[in-house]
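One structure is given below, encoded as structure tokens.
The values are calculated or read from the model by the stated rules, or taken from the named source; none is laboratory data. Here the structure is a predicted model, which is why all the values come from computation and not from measurement. Every residue, glycine as well, gets a Cβ built from its backbone with ideal geometry; the counts of neighbours run over all protein chains shown.
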Amino acid sequence: MINYTPRLARISAIALTIAASLAVTAAPVSAADGDHKQAINEQVVPKVRAFLADPRIADAVIAQNDRHAGLSQSRIDALDKQWRSETASARGELIDAVMGNELSAYLANVQESSAGLFTEVFVMDNKGLNVGQSGLTSDYWQGDEAKWQETYGKGPGAMLIDDVEFDESTQTFQSQLSMVVTDPATGEAIGAITVGVNMDLLQ
């Protein structure tokens, strides 16, 4: 997989602020204790809300919503198929455009600054299409999945915390937290964000 290193300066006041807000020094949560949703609510949700306040997220989602306003479902399906075909080489016209944009650079920095707490971060538009992401996802369209339907589909304030699953590649227990992205000017739902959480780093 290609390493899409952000072209922006990696060490900045914003990056240092993110690193401080995401720092975790805690004993791990047991995946079997049933308390992972409470732990994520208390320890992760505030951190996600903090970096969601960066205007680059809402600006990028609003801009893509405008560009995609006329997309039909058949065109969405075609884009998703193109993305899936490009994942074989981890690059292509569509993947390069998304992974190389400013929002993806910011999200990669957020993940890197989390000291392992975040395993992935990606933002979706009002059709469920990826806007920016910290790493390569298997698909481009999330509109048929609960992470988008149960957040953007439910409106401002909606949130979904998935079950804990064991990830073989990283040998860690993980859960996905999904939340609505809102327009800071109007408060309207404009998209959604999903954050993979390494449960081994929560109290």
Open item on the list: So if I check each of 115, 146, 158, which one is out of contact with any Asp or Glu (no Cβ under 9 Å at 6 or more places or on another chain) and either surrounded by fewer than 23 Cβ atoms within 10 Å (Cβ to Cβ) or modelled with pLDDT under 95 (or both)?
Closed with: 115
Open item on the list: Conditions first: (1) crowded, with 17+ Cβ neighbours inside 10 Å; (2) over 19 Å from residue 113 (Cα atoms); (3) not hydroxyl-bearing (Ser, Thr, Tyr). Residue 200 passes all but one, so which condition is the exception?
Closed with: (2)
- [ ] Return the residue satisfying two criteria in turn: it lies in the stretch 164-197 and is modelled with pLDDT of 95 or more and acidic (Asp, Glu), and of such residues it is surrounded by the most Cβ atoms within 10 Å (Cβ to Cβ).
- [x] 183
Task: Matching residues in the stretch 166-180 - criterion: being within 20 Å of residue 117 (Cβ to Cβ) and either part of a loop (DSSP other than H, G, I, E, B) or of a type in the set (A, V, I, L, M) (or both) - done: 168, 169, 170, 171, 177, 179
TODO: Taking only the stretch 61-93 into account, find how many residues are more than 18 Å from residue 191 (Cα to Cα), surrounded by fewer than 17 Cβ atoms within 10 Å (Cβ to Cβ), without any contact (Cβ under 8 Å) to a residue 60 or more places away in the chain and hydrophobic (A, V, I, L, M, F, W, C).
DONE: 2
Open item on the list: Can you go through 115, 97, 108, 88 and tell me which one is over 14 Å from the mean Cα position of the chain (by Cα), part of a helix (DSSP H, G or I) and of a type outside the set (D, E, K, R)?
Closed with: 97
Task: Selection count, the stretch 184-203, where residues are more than 17 Å from the chain's Cα centre (by Cα) and in contact (Cβ under 8 Å) with a residue 60 or more places away in the chain - done: 5
